[in-house]
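**Q** Handing you this structure, nothing more for now.
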Amino acid sequence: MVEVTVRDGEPLERALRRFKKKWERAGILREVRQKAYYVKPSERKRAERKKAARRMTRTSHY
């Protein structure tokens, strides 16, 4: 759970910005999108292999 305490004299916008950064780093939105619908294990493995292959071709160019 992401939690931010508003400091004395701190504008609410700044605290909200800190909250958003923590929220993104925690990967909550990514997790929600993943769990939005069911993906069969075979499809998940296929997508991971495809992503790994793409990553390998990108790193071999340098």
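**Q** In region 1-25, which residue that is under 22 Å from the mean Cα position of the chain (by Cα) and aliphatic (A, V, I, L, M) is modelled with the lowest pLDDT?
**A** Per the criteria, the residue is M1.
**Q** Any residue at all in region 2-15 that is touching a residue at least 24 places away in the same chain (Cβ under 8 Å) and touching a helix residue (DSSP H, G or I) at 6+ places or on another chain (Cβ under 6 Å)?
**A** Yes - at least one qualifying residue is present in region 2-15.
**Q** Condition (residue is exposed (fewer than 10 other Cβ atoms within 10 Å of the Cβ) and outside any helix (DSSP H, G or I)) applied to region 39-51: is it met by at least one residue?
**A** Looking for residues that are exposed (fewer than 10 other Cβ atoms within 10 Å of the Cβ) and outside any helix (DSSP H, G or I), one finds at least one in region 39-51, hence yes.
**Q** Of the residues that make up region 4-12, is at least one surrounded by 10 or more Cβ atoms within 10 Å (Cβ to Cβ), part of a helix (DSSP H, G or I) and not β-branched (V, I, T)?
**A** no
**Q** Take the residues in region 29-38 that are loosely packed, with under 10 Cβ neighbours inside 10 Å and of a type in the set (A, V, I, L, M, F, W, C); name whichever of them is farthest from M1 (Cα to Cα).
**A** A36
The values are calculated or read from the model by the stated rules, or taken from the named source; none is laboratory data. Treat the numbers as computed from the prediction; the structure is a model and nothing was measured. Cβ atoms come from the backbone with ideal geometry, glycine included; neighbour counts cover every protein chain shown.
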